[in-house]
Every structure is written in structure tokens, then in C-alpha cells.
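So the structure is just underneath, and the comments pick up after that.
The values are calculated or read from the model by the stated rules, or taken from the named source; none is laboratory data. Quick caveat: nothing in here was measured; it's all calculated off a predicted structure. Every residue, glycine as well, gets a Cβ built from its backbone with ideal geometry; the counts of neighbours run over all protein chains shown. Just so you know, the surface numbers come from the protein's heavy atoms only, side chains and all, with ligands and any DNA or RNA stripped out. Shrake-Rupley method; radii C 1.70, N 1.55, O 1.52, S 1.80 Å.
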Amino acid sequence: MACLLEAPLRISVLSEVTASSRHYVDRLFDPDPHKVLQGVIDMKNAVIGNNKQKANLIVLGAVPRLLYLLQQECSTSELRTECAVVLGSLAMGTENNIKSLVDCHIIPALLQGLLSQDLKFIEACLRCLRTVFISPITPVQLLYTDAAVIPHLMCLLSRSQRTQEYICQIFSHCCKTSEHQTILYNHGAIQNIAHLLNSSSYKVQMQALKFFSVLAYENPQVSITLANVLVDGELLSQVFVRMMQRDKSIEMQLTAAKCLTYMCRAGAFRTTFNCIVLKTLPCLVRMCNKDRLLEERVEGAETLAYLIELDVELQRTASITDHLIAMLADYFKYPSSVSAITDIKRLDHDLKHAHELRQAAFKLYASLGANDEDIRKKIIEAENMMDRIVSGLSESSIKVRLAAVRCLHSLSRSVQQLRTSFQDHAVWKPLMKLLQNAPEEVLVMASSTLCNLLLEFSPSKEPILESGAIELLCNLTQSESPALRVNGIWALMNMAFQAEQKTKMDILRALSTEQLFRLLSDPDVNVLMKTLGLLRNLLSTRPTLCILANIADGTTAKDLIMMNDDILQKVKYYMGHSNVKLQIAATFCISNLIWNEEEGQRDATFSIHSLQDNQTRHELGEFCELSLTVGGRNSCLLLLIGTFTGQKTLTER
């Protein structure tokens, strides 16, 4: 009986809830404008902090009616303003609410409302737009659809502190690409917003500061301009330095440090500048302290990782500042003491977001250990570090896995660690598992790490080979991603170095000559160079020389081989080898390389002639048969004919 009653009961409750909300919508259609206004005000009070009520009103069709009233010229300014306020409140609900509002074309309606002369209405429209654009599901391109919108927003900056706050916030959330940066820059964003950093309103200061951090990110043009801007006679960089002082809010210190970090990385000034070494770096290290909130520790560590990523001196300075390496170890045991946290809501939040701390710590460890062997040793010696990395490679969060493999890649540059810690913890196992099925970004980093683990002195090389790495790497060379192709061929090159003949033959069989030809025609020069490196490392077996000879039959590949001295020296070495078949193969390579070339013919003629004096026709025939099998080219038949008819070189034809 309970089952029979359950569905009707739910419908009944839903009907009651919907019915209780319907009168709010019905009042929006009252012919008396005063009653309509009061209805909107009552609706505003009903939805504050009530997501269920917001959802009900959206389902009942309140949004189209509110937008209609907002756009009617006959509506009073007060009514239009109240409509914008209610819409802004609805936008503070769930993502479904935002989607419903955007689908009802709220953004064009609000942008149109900004043409009004009524300041309160403009502020209400901007506040609602701000709330809508903060949502990650809102298409920010809608701000740039009409070319007149950005210039108009720049003009509205002078109307009030509220317009300044909201517009800076809108710009910050709608500046997602370099194209967006350029549009805002070209419309005078720097000149119009820089002076707001000295505003008497903290909110305006912060939103202007956040906007500059977004505008400068990976943008040399913007960053260099910012470095030369004066704000009330003071360089903007010095304004940022002032904002990093300890008496400022943590939010302000951290955002100012981000601005200087992004400007530095974009080339606005050198990493040796005092504002970076003595101000920005120490400020970011302070943000990593366990006394800071989770979000502050995450943002501080990730920004510091970005700042020092490419500069060894900054890495060394950071590593000895405030015991940073030991401080980061606390990121993996957060919260350290449940009893110390009295705010249960905060504890629940932190437990749900603790993975962000691990991600940030891995990123910063990766940057710290990028170049210096002593720093890598200190990181490895940190409490349970290798166990944490191995665990990180298997975490459910893709961002943590990526950060962990980045950290592993950084540490894998150490010869000592490859021979000790990496072997002790068998890191190759989770790494190989990660390579089986992962997004491209993770695959690129994991395959880069594998390249290091396959170096000749790495104890991990043999077990990786036995786990089926050759086939996996050969598949990577066929990827559409240039980075994956490079890593695949690079790892095979390392694998082939001083390897046993069986391993080299396995690589040749798995890769195939057809794929080698494709790689030698690859548009990415790094792929070409690593392919030549692979060939160099394989050049110790007769089939490999046959492949090289056939590759040398093509014009482009011939030029590449001729530019690679290592391969040429190998071929020269095998021309004088005691093994007759290797001499023949090497000579065939030379023959193809000098085909139709003016220079070098005499040396090749002598080599072939002297070889003929010492070798049998049977051996030449055997070699040509093998070359045809491996490479499928016809030039070897011409060489055979030329040899048997007494011709000294093919180039005499």
C-alpha cells in the first residue's frame, strides 16, 4: 500500500509547492502597475536565500515576464530596477537557473538596459550581468558579440564605485583567451582601470587587481605595457609591491603577487629584479603556510610553481625559503587535526577539496626539482614522498594524476634517483598503467617520464621492456599529437641504445619500415631528429642498414641523413667492418646517398670497387634479397645489376 501511495503523494506535495509560488507570477500580469511593482518586490523578498522558490518561479515562467517588464519603455525606472534585482537573485541559484536565464536571452536584455540614463537601473543590470557571467556555464563570447558593448562599459566606469566594481568583475570573468585580452587592451582597459587601484573602495581595488592578473597572463604586450604604466606618478609594479605588504589582506597580497608573477613570466622584467626575488617569491611562500586557508595555500603554491618553473636561481631561492619543501609535506595530511577545526562546515569543505592541496604540492615540487640535483634529493627525502607520488598516479582526480606525473617527470631527470628511489618503489608500474588509458595531457607527461626511465643506466628499463612497452610506444608514434609522436620515438630511441639485438629487431618489427618512412616525412622537426636518433641506435644489424639504405633513396630523407653526422659516422664504420654483409649494407647506403650527386662519387666508386674485389656474388645477391624484403625499394636491384655487369657505381648511368 505504501508503494501505491508514494507517487500520488509526491505529485501532491509538488503541486502544493508550485501552487504556493504561482500567485507571485500571476501578480506580474495585473493590469494595475502599482500592484505589479509590489508583486515584483514581494517576489524579490521570497526568493532571497531560497533556491527551491527560485526554481519554482523559473519553472512557472517568471523570467520571460520579468524581462518583458524590464525592457518596456512604459515601465517605471523603479519597476525596471526591481525586475533586474529579482533576475540577479534568481541567477544566484543553481547552474540550471543560470542556463534557464541565458536561454531566455537575459544577457542581450541587460546589455540593452545599460543604455538607460538611470544610474540605479544601470547598477542593477550590471550586478545581474556580473552574477550571470561568474557562472562557468555562461558563454562569455556573448559579451563580445556587439562591438559597441566594451566601449560603452568603459564609459560607464566613471559613473560610480558600484559600476567600477561590477564592470571590472565582468571583464575578469569574460577574459578567457588572448583574443579577449587584445580586445580589452585595444579599448583602453589599462588606462581606464589602472587608477582604480588607488580607489577608496576596497572592493573596487580588488576587482581592478584581479582584472589585471587575468589581462597580463601569458600576454607579453599587456605585461610590458603594465610595467611602464604610472598610477598617480608611481610605477604600477610598485603599486603591486605595496599591495603585497603584510598589513594588506591576504586576498590582496596574493592577487598582487599573481600580477607580478604573470608579468615576469611574460617578459616584462627579469627574474632577478628585487620585486620578484625579495617581494613576490617570499609573499607566495607565505601563502603556503599551514595557517592559511585551503584556497590560499592552493593558489599560493600553484602561482609559485609557475613563477619558478623555468628559472633555476628562483628554484634554489624558493627551496631554502621558510623550509618550503617540508612545509609542502603538510599538504598531504590535511586537515592535520580535526579537533583544531571548530567550524564543521569549513571542515566538510576542506575534506572535499583536500585533493586540490595534493595537486598544488605536486606542481610546486615539480617546479622546484626541475633543474637542481640537490633540490631533487631533498624532495625525495621528504616524508613518504615516493609513496605519495605512486598513490597520486592512481587518484580519481585527473588533475592530481597529471600533477603527480609532472612531479615524477621532474625527479626522473636525476640519474641517482633513477637508480635508487625509482627502482625501490617500482614507479614504472603505475606509470605504465597510466599510459594504457589517459587523456592526452596526461599521456604526454607520462610518456616524457617513460623516456627517462628507458635510459641505458635505468634499472627500470628491463621490466618496462618485458611489460610490452615496445608496442605501446610504436602506437604513440602514430598519434595525431606531435608531442606524443616525439615522445614515442624518443622512448624507442632510448630503448634501442646499446640494446640487445633481439630488442632492436623487436622494435623494427613493431614499428615497420612504412612507419619509419612516415616519421621521416613528419612536419615536426623534433620527430625527424628523434627518428634519425633511433636509426643511429639501431645501426648494428644488417636489416637496419637495409632500412636506412632504402630511406636514403628518398630526396628529403637523404638530406636529413646527410645532415646527421652520427649516422654518417656509423655507416662509415660499417663499411670497414669485418662482417662482409655489414660492409655490403653500408655501401648500399652510401650508394643511395650519392645518387645523382656530383660530390663524393669518386669515393663511393672506390668503396664499391674495392668491396667487389673481396666479396662473392652470392653474398651481394643475399643482401639485395633481404633489402627488398625489408624496404621494398627497387634501387637494390639496380645496384646488383651494376655490380654484376662491372659498373663501378650507379651514378655513372
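Considering only the stretch 522-543, I want to know if a residue exists there that is more than 21 Å from Gln436 (Cβ to Cβ), assigned to a helix (DSSP H, G or I), touching a Phe, Trp or Tyr at 6+ places or on another chain (Cβ under 9 Å) and at pLDDT below 70. For the stretch 522-543, residues more than 21 Å from Gln436 (Cβ to Cβ), assigned to a helix (DSSP H, G or I), touching a Phe, Trp or Tyr at 6+ places or on another chain (Cβ under 9 Å) and at pLDDT below 70: present. Identification of helices (runs of 4 or more DSSP H) wholly contained in the stretch 371-489 with 2 or more residues that are farther than 27 Å from Val525 by Cα yields 373-381, 385-392, 398-411, 415-419, 421-424, 428-436, 461-466.
Can you tell me which residue among Pro463, Pro482 is closer than 23 Å to Pro430 by Cβ and open to solvent by 10 Å² or more (accessible area, probe 1.4 Å)?
Pro463
Flag: Gln253 does not match the condition of being surrounded by fewer than 20 Cβ atoms within 10 Å (Cβ to Cβ), within 27 Å of the chain's Cα centre (by Cα) and modelled with pLDDT of 95 or more.
Within the stretch 340-352, does at least one residue satisfy the condition of being assigned to a helix (DSSP H, G or I) and crowded, with 22+ Cβ neighbours inside 10 Å? No, every residue in the stretch 340-352 fails to be assigned to a helix (DSSP H, G or I) and crowded, with 22+ Cβ neighbours inside 10 Å.
If I go through the stretch 273-290 residue by residue, how many of them are closer than 15 Å to Glu302 by Cβ and assigned to a helix (DSSP H, G or I)? Counting residues in the stretch 273-290 that are closer than 15 Å to Glu302 by Cβ and assigned to a helix (DSSP H, G or I) gives 7. The number of residues in the stretch 168-217 being over 28 Å from the mean Cα position of the chain (by Cα) and over 22 Å from Leu230 (Cβ atoms) comes to 2. Taking the numbered list (1) over 28 Å from Ala426 (Cβ atoms); (2) of a type outside the set (Lys, Arg); (3) touching a Pro at 6+ places or on another chain (Cβ under 7 Å); (4) assigned to a helix (DSSP H, G or I) in turn, Thr321 passes all entries but (4).
Scanning the stretch 387-423 for residues that are among the β-branched types (Val, Ile, Thr) and surrounded by fewer than 21 Cβ atoms within 10 Å (Cβ to Cβ) returns Val390, Ile398, Val415, Thr420.
Here's the yes/no breakdown for (1) among the hydrophobic types (A, V, I, L, M, F, W, C); (2) surrounded by fewer than 16 Cβ atoms within 10 Å (Cβ to Cβ):
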residue	(1), (2)
Gly233	no, yes
Leu236	yes, no
Cys259	yes, no
Tyr262	no, no
Cys275	yes, no
Leu281	yes, no
Val285	yes, no
Asp291	no, yes
Leu294	yes, no
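For the stretch 369-386, the criterion of a residue being open to solvent by less than 40 Å² (accessible area, probe 1.4 Å), of a type in the set (D, E, K, R) and on the phi < 0 side of the Ramachandran plot is satisfied by at least one position.
Taking the listed residues Ser100, Ser89, the one that is in a helix (DSSP H, G or I), out of contact with any Leu (no Cβ under 9 Å at 6 or more places or on another chain), surrounded by 14 or more Cβ atoms within 10 Å (Cβ to Cβ) and of a type in the set (Gly, Ala, Ser) is Ser89, with no other qualifying. For the structure I just gave you, tell me whether Ala329 is in a loop (DSSP other than H, G, I, E, B), in contact with a Lys or Arg (Cβ under 9 Å, 6 or more places away or on another chain) and crowded, with 17+ Cβ neighbours inside 10 Å. No: the conditions fail for Ala329.
Would you please name the residue that is nearest to Arg80 (Cα to Cα), looking only at residues in the stretch 22-32 that are open to solvent by 30 Å² or more (accessible area, probe 1.4 Å) and in contact with a Leu (Cβ under 7 Å, 6 or more places away or on another chain)? Even if it seems obvious, please write down each step before you answer.
The first filter runs over the stretch 22-32 and keeps only residues open to solvent by 30 Å² or more (accessible area, probe 1.4 Å), leaving 22-24, 26-27, 29-32.
Next cut, in contact with a Leu (Cβ under 7 Å, 6 or more places away or on another chain) only: 22, 24.
Values: Arg22: 21, Tyr24: 17 Å.
Looking at the filtered set, the residue picked out is Tyr24.
Step by step: first the residues of the stretch 506-524, then only those that are of a type in the set (A, V, I, L, M, F, W, C) and touching a Leu at 6+ places or on another chain (Cβ under 9 Å), then the one that is most open to solvent (accessible area, probe 1.4 Å). Which residue is that? Per the criteria, the residue is Ala510.
Figure legend. Inter-residue proximity from the stretch 464-488: first residues without any contact (Cβ under 8 Å) to a residue 12 or more places away in the chain, second residues hydrophobic (A, V, I, L, M, F, W, C), beta-carbon distance below 9 Å, spacing 6+ or different chains. Indicated pairs: Gly468/Met432; Ser479/Leu443.
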